[in-house]
1. Any residue in segment 94-101 that is open to solvent by less than 50 Å² (accessible area, probe 1.4 Å), within 29 Å of ALA194 (Cβ to Cβ) and assigned to a helix (DSSP H, G or I)?
2. Give just the number: which of (1) over 25 Å from ALA210 (Cβ atoms); (2) open to solvent by 30 Å² or more (accessible area, probe 1.4 Å) does VAL8 not satisfy?
3. Just to be sure before I move on: is SER170 outside any loop (DSSP other than H, G, I, E, B) and either at pLDDT below 95 or surrounded by fewer than 17 Cβ atoms within 10 Å (Cβ to Cβ) (or both) in the structure I sent?
4. Counting just the residues of segment 131-152 that are surrounded by 17 or more Cβ atoms within 10 Å (Cβ to Cβ) and in contact with an Asp or Glu (Cβ under 7 Å, 6 or more places away or on another chain), which one comes out nearest to LYS212 (Cα to Cα)?
5. Which numbered condition in (1) surrounded by 15 or more Cβ atoms within 10 Å (Cβ to Cβ); (2) touching a helix residue (DSSP H, G or I) at 6+ places or on another chain (Cβ under 7 Å); (3) modelled with pLDDT of 95 or more; (4) outside any strand (DSSP E or B) is the only one that LEU156 fails?
6. Mind telling me which of the residues ARG71, ARG40 ends up being open to solvent by 70 Å² or more (accessible area, probe 1.4 Å), in a helix (DSSP H, G or I) and either under 30 Å from PHE180 (Cβ atoms) or modelled with pLDDT under 90 (or both)?
7. Considering segment 173-184 alone, what residues qualify as being surrounded by fewer than 17 Cβ atoms within 10 Å (Cβ to Cβ) and in contact (Cβ under 8 Å) with a residue 40 or more places away in the chain?
8. Exactly one of these conditions fails for ALA196: (1) open to solvent by less than 50 Å² (accessible area, probe 1.4 Å); (2) out of contact with any Cys (no Cβ under 8 Å at 6 or more places or on another chain); (3) among the hydrophobic types (A, V, I, L, M, F, W, C); (4) within 19 Å of PHE79 (Cα to Cα). Give me its number.
Amino acid sequence: DLDELAAVLTSQDQRYLSDGFLITESGGLRGVGRGDDLVRAVTEARIEAARHANPLTLLPGNIPLTLHIQRLQAAGREFVACYGDLNHFKPFNDLYGYWRGDEMILLAARCITAQADPRRDFVGHVGGDDFVVLFQSDDWDTRCAAAVEAFDQGALALYDEAARAAGGVSAEDRHGVVRFHPLTTLSIGAVRIAPAQTLQPEEVANAAAAAKRQAKAHAMGLFVLDNGNAGGKQIVP
């Protein structure tokens, strides 16, 4: 298959790249492949894989997330869409550099994934420091709270002692003004999606993102947005 054939690209024997190779099926000759065909096919396969998984965390990206939402809705399942985002991450990334910034994102991925039941819940990494979890676990709120607590504690180790003692760092904001920024924490916004709701996948994601913005605005670990008939909001510390 393509993966096995791709090993030729890094093998000692490079004849197949220059001379080509025979393609067979069920013992019969189907044609001849060339080295540039192989390189092109491998490149296209890698690009397609990148569209489906985040290259840093290897968690599913936007396309698998959309497909999973569609599957849940087609099956008439109730689920809770949660959107996780890091607070004050940009100053941390700017100050300590991309390598430690990646460590912070990987920490968030580990903390969130550890609280998801792989048999019932879906964890996606939709870019940067943004994560989406589709919970079917009944105790999803407890799981979210545990993920927030684990991340907030783990993130402390990525700061130097002076920053931990000060409770934050001084760095430029988005407008280029140097000011004090608190330590990085995790906020999660959640919205319950009932089987009767006919929302498009992007509408589900937008509703969860709206709850996340409320969580960040209120400096809360978890904000639950009730999108039912009452339209109420509940803030959970």
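The values are calculated or read from the model by the stated rules, or taken from the named source; none is laboratory data. It should be emphasised that the depicted structure is a prediction, and the values quoted were computed from it without experimental measurement. Glycine also receives a Cβ, built like all others from the backbone with ideal geometry; neighbour counts cover every protein chain displayed. Side chains included, ligands, DNA and RNA excluded: accessible areas come from the protein's heavy atoms. Shrake-Rupley method; radii C 1.70, N 1.55, O 1.52, S 1.80 Å.
1. no
2. (2)
3. Taking the combined requirement at face value, the residue satisfies it.
4. VAL133
5. The failed condition is (1).
6. Details: ARG71 fails: either under 30 Å from PHE180 (Cβ atoms) or modelled with pLDDT under 90 (or both).
Exactly one of ARG71, ARG40 is open to solvent by 70 Å² or more (accessible area, probe 1.4 Å), in a helix (DSSP H, G or I) and either under 30 Å from PHE180 (Cβ atoms) or modelled with pLDDT under 90 (or both), namely ARG40.
7. Selection gives ASP173, ARG174, PRO182.
8. Only one criterion in (1) open to solvent by less than 50 Å² (accessible area, probe 1.4 Å); (2) out of contact with any Cys (no Cβ under 8 Å at 6 or more places or on another chain); (3) among the hydrophobic types (A, V, I, L, M, F, W, C); (4) within 19 Å of PHE79 (Cα to Cα) is unmet by ALA196, namely (1).
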